Amino acid sequence: MRKRILCTAVSAALLFSLTGCAAGDKPYVYYLNFKPEADAAWQQLAKEYTALTGVPVKIVTAASNSYSDTLAAQMNKTSPPTLFICGSEQDLESWDGYAYDLTGSKLAAQLDTDQYCLYGRDGALSAIGFCYEVYGLIVNIPLLERAGHSLDEIRSFASLKAAAEDIHARRDALGYDAFTSSGLDSSSSWRFSGHLANLPLYYQFQENGTIRQPAEISRSGLELYKNVWDLYIQNSTVTGGELAAATGNMAEEEFGSGKAVFYQNGSWEYAALTDPARFAMKPEDLTMIPIYCGAEGEENAGLCCGTQNYWTVNAKATQESIDATIDFLTWVVTAEDGKRMLEEQFGETPFKDSYQTQNVFFQAANDYREAGKKHLSWSFLMTPNPDVWRSGVTSALLEYSAGRGSWDAVETAFVSGWAYQYKLEHCIL
């Protein structure tokens with residue numbers, strides 16, 4: 001979740017209280033969507049619901065890496081979002097007072113588990129997670145096998161490296177490469193400054209017993225980060241300074257069109273990759289494996305599993321708009337079109353009448369769990385002021401990848417950047 005600095009949240013709250021919260025008394029629904037890839041699906045549902053009920057539903061989707069800034073700006077308008085996303089307990093604290101208590105609501109009554117919920121300090125049901133996600137290395141199985149390798153042989157960083165380097169060395173003869181581009185354009189960089197950065201954070205937090213956001217982190221485990229990053233950029237068609245302009249869409253296109261075997265991304269990519277109008281990849285040709293990095297005991301690792309998508313109803317909206325927003329969400333999780341959209345776009349959802357997901361990436365996660373592998377939690381959700389911290393890490397990665405900077409600078413951006421952003425976020429500079 002791209003959240004903003006706590007000091008800014010306080011200022012925004014004061015301004016919001018002065019500007020009011022809605023235009024007139026007419027109820028409306030305004031959802032500030034966090035996931036660009038689901039924009040078209042949400043827009044379609046909004047039109048359908050408005051045609052059915054007459055209640056206006058507005059969907060605005062924030063650009064990649066801009067959610068926190070967009071939310072802060074939109075909250076200060078006379079007709080602010082009635083529904084927004086919190087990505088973690090820290091985000092919930094930043095928006096203290098803005099989360100409507102959903103205890104006893106029609107939406108809460110549709111839950112079949114409380115595993116996806118965030119609770120306020122007073123125990124109030126403050127936010128409901130609507131999907132559970134997994135990420136790792138998406139694999140094109142036929143391409144891997146055509147290159148003379150198999151899933152069974154890849155159980156560690158060493159075996160992943162051996163397979164990837166062999167494929168890259170024979171890329172001209174094979175007609176494809178090992179990895180998709182590791183773009184550092186803003187539409188793609190979050191995969192590496194956020195999701196890949198989870199690896200050193202996870203292992204460091206496990207070692208230290210960290211369960212809450214620390215004021216400082218160390219350089220412990222950052223060699224794991226370097227292992228994977230070097231493997232990515234040395235075994236794909238886009239390297240060095242070119243990464244600055246390489247986008248998320250490029251990587252998706254490379255994988256979907258059979259130009260690479262491995263693609264670091266998550267369960268949310270399933271809908272696009274198997275879409276008959278786009279890539280039409282066969283589900284049986286796809287799976288997901290852990291991002292092996294060289295950590296001790298990683299042969300027992302599963303996928304990175306978690307969520308940063310919690311629906312939060314704006315408590316500052318009028319009661320009529322709050323009720324309208326809850327009604328809309330309840331319709332989404334119970335109506336046929338809504339349930340189908342959730343399954344297709346997000347996979348597993350925590351509601352009683354959800355469709356069983358067909359997403360093979362969730363099946364891979366379940367297979368690892370049943371085999372006794374331990375999933376990696378999303379430690380990156382503890383990142384202070386993540387948009388800014390990630391920007392610093394991305395800049396350092398780009399300089400390093402282009403041969404203009406050192407790996408030490410990447411580690412400095414990681415460690416010193418964390419300490420500085422923590423102080424900013426907690427107003428202690």
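Across the Cα atoms of region 182-240, what radius of gyration and what greatest pairwise Cα-Cα distance (Dmax) are found, in Å?
13.2, 39
Percent relative contact order of region 79-140, based on C-alpha pairs within less than 8 angstrom and at least six residues apart? Don't jump to the answer; show the numbers that get you there.
Values: 42 pairs, mean separation 17.5, N = 62.
Once normalised by length, the contact order is 28 percent.
Please state, as a whole number in µm²/s, the translational diffusion coefficient that the Stokes-Einstein equation yields for region 173-302 at 10 °C and 1.306 mPa s, with Rh defined as the Kirkwood radius across alpha carbon pairs. Don't skip to the answer; put the middle values down first.
Working: Rh = 16.1 Å.
It diffuses with D of about 99 µm²/s by this estimate.
Once both axes come from the Cα atoms, what is the angle between helix 222-234 and the longest principal axis of the chain, in degrees from 0 to 90, rounded to 10?
Orientation of helix 222-234: about 70 degrees from the principal axis.
Which whole-number percent gives the relative contact order of region 135-284, counting Cα pairs below 8 Å spaced six or more residues apart?
Details: 183 pairs, mean separation 57.6, N = 150.
Reported as a whole number, the value is 38 percent.
Is there a quick way to get the dipole size of the chain? I mean about its Cα centre, with the Cβ of Lys and Arg at +1 and of Asp and Glu at -1; what is the value in debye to the nearest 20?
Values: 32 positive and 53 negative charges, 154 e Å.
Dipole of the chain, to the nearest 20 debye: 740 debye.
Size of the chain along its principal axes in angstrom, Cα-based, largest extent first?
Here the Cα extents, ordered largest to smallest, are 66, 51, 39 Å.
Amide H to amide H, which residues 5 or more places from CYS293 or on other chains are under 5 Å from it, using H placed in the peptide plane?
Amide H to amide H, under 5 Å and 5 or more residues apart or across chains, CYS293 pairs with PHE157.
Which listed residue (ALA164, LEU151, PHE130) has the Cα farthest towards the positive end of the charge dipole for region 106-169, taking +1 on Lys and Arg C-beta and -1 on Asp and Glu C-beta about the Cα centre?
Of the candidates, PHE130 comes out farthest on the positive side.
Report for the chain the percent antiparallel among DSSP-assigned beta bridges with both residues inside it, nearest 5. Write down the numbers at each step before the final one.
Working: 23 of 34 bridges.
Looking only at bridges with both residues in the chain, the antiparallel portion is about 70 percent.
Using a 10 Å cut-off on Cβ atoms, rank the peptides 201-208, 129-136 from the highest mean neighbour count down. Numbers along the way, then the final one.
Numbers: 201-208: 18.0, 129-136: 24.1.
For the peptides 201-208, 129-136, the packing ranking is 129-136, 201-208.
Taking the Cα centre of region 60-136 as the origin and placing charges on Cβ (Lys, Arg +1; Asp, Glu -1), which of TYR119, GLN90, ALA63 is farthest toward the positive end of the dipole?
Highest projection toward the positive end goes to ALA63.
Can you run phi through the Karplus equation (6.51, -1.76, 1.60; θ = phi - 60°) for region 38-44 and list ³J(HN,Hα) in whole Hz, with x for Gly and Pro?
Residue by residue, region 38-44 yields 9, 4, 4, 5, 5, 4, 5 Hz.
How high is the relative contact order of the chain? Use alpha-carbon pairs under 8 Å, at least six apart in sequence, and give a whole percent.
Working: 789 pairs, mean separation 112.1, N = 429.
Here the relative contact order equals 26 percent.
Could you give the Stokes-Einstein D for region 266-399 in µm² per second, using the C-alpha Kirkwood radius, 20 °C, 1.002 mPa s?
Numbers: Rh = 18.0 Å.
Answer from the Stokes-Einstein relation: 119 µm²/s.
Could you identify which residue out of SER126, SER321, SER218 has the top mean-square fluctuation in a GNM of the chain using Cα springs shorter than 10 Å?
SER218
Roughly how far apart, in whole Å, are the Cα centres of region 403-419 and region 92-122?
38
Note down the magnitude of the dipole of region 132-204 about its Cα centre, charges +1 on Lys and Arg C-beta and -1 on Asp and Glu C-beta and zero elsewhere, to the nearest 20 debye. All intermediate terms of the calculation are to be shown ahead of the outcome.
On the way: 6 positive and 9 negative charges, 17 e Å.
Here the size comes out at about 80 debye.
For the chain, find the longest principal axis of its Cα atoms and tell me its angle to the long axis of helix 6-19, 0 to 90°, nearest 10.
Once rounded, the angle reads 30 degrees.
For the chain, modelled as a Gaussian network with Cα springs under 10 Å, which listed residue fluctuates most, THR349, THR50, THR383?
With Cα springs under 10 Å in the chain, the top fluctuation among THR349, THR50, THR383 is at THR50.
Return the whole-Å distance between the Cα centroid of region 360-377 and the Cα centroid of region 136-154.
Using only Cα atoms, the two centres lie 18 Å from each other.
So how many Å³ per residue does the convex hull of the Cα atoms of region 45-136 work out to? Don't skip to the answer; put the middle values down first.
Working: hull volume 14.3 nm³, N = 92.
Given the Cα convex hull of region 45-136, per-residue volume reads 156 Å³.
Bear in mind these aren't lab numbers, they're just calculated from the coordinates by the rules spelled out. Not measured: the values here are computed from a predicted model. Heads up, the Cβs are rebuilt from the backbone with ideal geometry, glycines too, and the neighbour counts pull from every protein chain shown.
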